[in-house]
C-alpha cells in the first residue's frame, strides 16, 4: 500500500508537468518545447530549486523568510565585488558567507525578540536592500566574462547536485531533519520530548541563508549582472522558491522533498516560458501558477484524508 501511494503521488506531479508541456507545445509547437529550450528551462529552474530547498528547512517548521530575495541579491553583489579581486574564491566565499551571515542575523532577531518570522524578515529585508544599494554604488556590478563558468553546464548542474545531495542528507540522515519534522508537526510535543526547538529554528534560518547565498552565486554566474533594488522589490524573487517548497511539503510523504521541489520549480519555469512564448498577458502566468498550486494541494489533501479514513 505504501509503495502504491508513492507511485500515485509521483504520477500526479509528473502528470501535471506533462499536461502543461503538451498544452503550451500544441499552442506554439515551433517556438516552445524543443529539447534545447527545455534544457535551458531546466537550468534556470535549478537556481530556484536550490533556494526552495533552503526554504524547506524553515517552512517545514511553520516559519517564513521573506528576506530570501534580498539575501540573494546582496550575496551576488558582494560575491561579484570580491571576484574582481580574488577570482572564483571571492565569488564563492563571498556569496556563501554573506548568505550565512544573513541567516544568522535572521535567526538571532527572530529568537531574541519573539516576533513572528514574517514581520522580522520583512523588516530585515528592507535593511538588506539598502545595504545592497550602498555596496553596489555607481559602478557596474557585472561579473567578468571568464567568471561565468558556474552558471553554465555542466558546472551549474554539478553545483546543484551537490546542494541537492547535501539537503537530502540533512533531511533524511541527520537528527536535525527528524527534529525539524517534529517541530513542524507539533512544537509543544517536540519540546516535551526534549528537543531544543530554538536551536533548530536558528539552524533552519542559517541553512536557508546559505542556500540563498548559493542561489545568488548561480544567479549572477548565469545572468552576469545583478542590479540592487529598494522598496521591497526583492520580494518578487521570493515567490517561486516558496511555491516550489509548498509543493515539496505537499508531496513529502510520496517522494523526497528535494525531488518534488525541483520538479515544481521546473513546472513554474515552464509556465512562465509558455506564457511568454505564446504572447499571452504576463499577468496570466501568476493566475495559472496559483491555480496549479491550489490543485496540487487540494489533490494531496484529499488523498491524505482518504488514507486516514482507510486506516481508521
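Here is how the numbers come out for the structure above:
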quantity: Unit Cα scatterers, Debye sum, region 186-227: log10 I(q)/I(0) for q = 0.18, 0.25, 0.26, 0.31 Å⁻¹; calculated: -0.61, -0.81, -0.84, -0.95
quantity: Cα-based shape type of region 125-256, given that a ≥ b ≥ c are square roots of the gyration tensor eigenvalues and the cut on a/c is 1.5; calculated: prolate
quantity: Spread of Cα-to-Cα distances over 5 Å intervals beginning at zero, given as percent, for region 139-191; calculated: 4, 17, 14, 13, 11, 10, 10, 9, 8, 4, 1
quantity: Cα gyration tensor shape of region 86-182, rounded if a/c is under 1.5, else prolate or oblate by comparing a/b with b/c; calculated: oblate
quantity: Length-normalised contact order for region 1-141 - Cα pairs under 8 Å, 6+ apart - percent; calculated: 23 percent
quantity: Highest average packing first - 78-85, 178-185, 67-74, Cβ atoms within 10 Å; calculated: 67-74, 78-85, 178-185
quantity: Sequence-separation-based contact order of the chain, relative, with Cα cut under 8 Å and 6+ spacing, percent; calculated: 33 percent
quantity: Scaled radius of gyration (Cα, divided by 2.2 N^0.38 Å) that region 163-240 gives; calculated: 1.42
quantity: Protection proxy ranking of 14-26, 231-243 - average other beta-carbon atoms within 10 Å, highest first; calculated: 231-243, 14-26
quantity: Rg/Rh for region 25-169, where both radii come from Cα atoms and Rh is the Kirkwood radius; calculated: 1.03
quantity: Rounded, prolate or oblate (a/c below 1.5 giving rounded, otherwise prolate when a/b exceeds b/c) for region 1-78 by Cα gyration tensor; calculated: oblate
quantity: Coarse-grained scattering of region 76-123 at q = 0.13, 0.32 Å⁻¹, given as base-10 log I(q)/I(0) from a Debye sum over alpha-carbon atoms; calculated: -0.40, -1.01
quantity: Projected area averaged over orientations for region 202-289, convex hull of C-alpha atoms, nm²; calculated: 7.6 nm²
quantity: Kirkwood hydrodynamic radius over Cα pairs of the chain, then Stokes diffusion coefficient at 20 °C and 1.002 mPa s, in µm²/s; calculated: 106 µm²/s
quantity: Normalised contact order of region 93-229, rounded percent, pairs of Cα under 8 Å and 6 or more residues apart; calculated: 53 percent
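Each value in this text was obtained by applying a stated rule to the coordinates, not by laboratory testing. In this text, all values refer to a predicted model and were calculated from it rather than measured experimentally. Positions of Cβ are backbone-derived with ideal geometry, glycine not excepted, and every protein chain shown enters the neighbour counts.
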